[in-house]
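Bear in mind these aren't lab numbers, they're just calculated from the coordinates by the rules spelled out. All values derive from a computational prediction rather than experimental measurement. Quick reminder, even Gly has a Cβ in these numbers, built from the backbone with ideal geometry, and neighbours come from all protein chains shown.
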Amino acid sequence: MIIILPFSSNVTTYLDKIVNWYSTSYFLCPNCKSTTQRHGRYLRSCYDFNESTVIPIYRRYCPNCKISFSFIPSFIKPYARFLNSYRLKLFKRHELESTSIKKTPFFSSPKGNFISPDTFRRWLKKLKSIVSTVNTFITSKLFELAPALSLPKDLSDLAFLFHCANVFQKLAYRLLPNYSIDAFGIFDLLNLQLTKDLWL
């Protein structure tokens, strides 16, 4: 079972804090509320534009339910290797700057970490398939946080998502009061809020 941990999109911060968090945290099973046990870790490579980092993913185990839990930091989606911030930059590059699907993955650096155009096309197709649901979710959250908020009506679905993402990020500290206003990107927040069938 996957548990999303709210960590800011800075991998260095995660590496600095995760060992202490794991050694001192007290975690109850979300199913039966029993005390869980430490259950080791595994390593995952994760990629940004010009960096590759190996991060530990820690686990706990519920002896009552016989289920293990993997704690995934919110800056990367479950089972993924590229950071959420990487995905968001590519989507914005393609949509807001009208960069072609073939050119978008290569804009950062000729020597950087990049995906194939086919992979980007698959990511984009997934995003477009859920953008209406995501926009509904973000809009409802925005109106909860700022009922008098005015949102633009003449944008494409993806451009509207990116606009709302910027506004949502500024207001999101109300949802996560123990973190700074700009600690989380929009996909990090969606990781924390959406059901797994909507993960990008």
Rg followed by Dmax, in Å, when region 86-158 is reduced to its Cα trace:
14.9, 46
Ser98 and Ser140 label points (each 7 Å along its Cα→Cβ direction) are spaced in nm at 3.6
Value of relative contact order over region 77-158, rounded to a whole percent, pairs C-alpha under 8 Å and six or more apart
19
How much net charge surrounds Lys103 when only other residues with a Cβ under 11 Å from its Cβ are counted (Lys, Arg +1; Asp, Glu -1)?
+1
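For an R0 of 30 angstrom, estimate the FRET efficiency from the Cβ-Cβ distance between Phe162 and Thr13 and round to the nearest 0.05.
0.75
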Tell me, in nm to one decimal, what length is gained between Ala148 and Thr119 on full extension, where the rule is 0.36 nm per residue of separation less the Cα-Cα distance?
6.5 nm
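Please give the direction-averaged projected area of the C-alpha convex hull for region 1-125, in square nanometres with one decimal.
Numbers: hull surface 34.9 nm².
Average of the hull's projected areas for region 1-125 equals 8.7 nm².
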Loop-resident chymotrypsin sites (Phe, Trp or Tyr not before Pro) in region 1-31 with no more than 12 other Cβ atoms inside 10 Å, DSSP not H/G/I/E/B, are Tyr26
